[in-house]
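One structure is given here, and the rest of the page talks about it.
The values are calculated or read from the model by the stated rules, or taken from the named source; none is laboratory data. In this text, all values refer to a predicted model and were calculated from it rather than measured experimentally. Don't worry about glycine lacking a Cβ; one is built from the backbone with ideal geometry, like all the others, and counts go over all protein chains shown.
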Amino acid sequence: MSLGKPGHGREPLANTTPDACTATRRQLSDYIEEELASLKRARVENHLRECLECTAMVNGLRNIRQLARQADLIEPPQGFSQRLRWLLTCLEQ
């Protein structure tokens, strides 16, 4: 299904236009972190009730956030930072 297009032969809802999806997606991180003002939060929630694609995206972001919190931090090998800086310097030239 492409962004903002109706599914199953239905007409698109006014809240599921490509512009509405773009506006909603720009706010998903703040929505998940519960940092949106109440009016913006209500707009996002209204959109998510009508748009399966954006709902799938917010669910995916929540899953990634949860996995990142559960992940163990990996300590890089000794000298990794110096080798990385050297490689980046070489690539810039």
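Side notes on the structure shown:
- Top-ranked residue of the stretch 34-51 - restricted to ones that are surrounded by 12 or more Cβ atoms within 10 Å (Cβ to Cβ) and of a type in the set (A, V, I, L, M, F, W, C), ranked as farthest from Thr22 (Cα to Cα): Leu36
- Residue ID - farthest from Leu28 (Cα to Cα), chosen from residues in the stretch 60-86 that are surrounded by 10 or more Cβ atoms within 10 Å (Cβ to Cβ), aliphatic (A, V, I, L, M) and without any contact (Cβ under 8 Å) to a residue 24 or more places away in the chain: Leu84
- Condition met for Ile74 (modelled with pLDDT under 90, among the β-branched types (Val, Ile, Thr) and under 28 Å from the mean Cα position of the chain (by Cα)): yes
- Some residue of the stretch 36-53 being touching an Asp or Glu at 6+ places or on another chain (Cβ under 7 Å), modelled with pLDDT under 95 and in a helix (DSSP H, G or I): no
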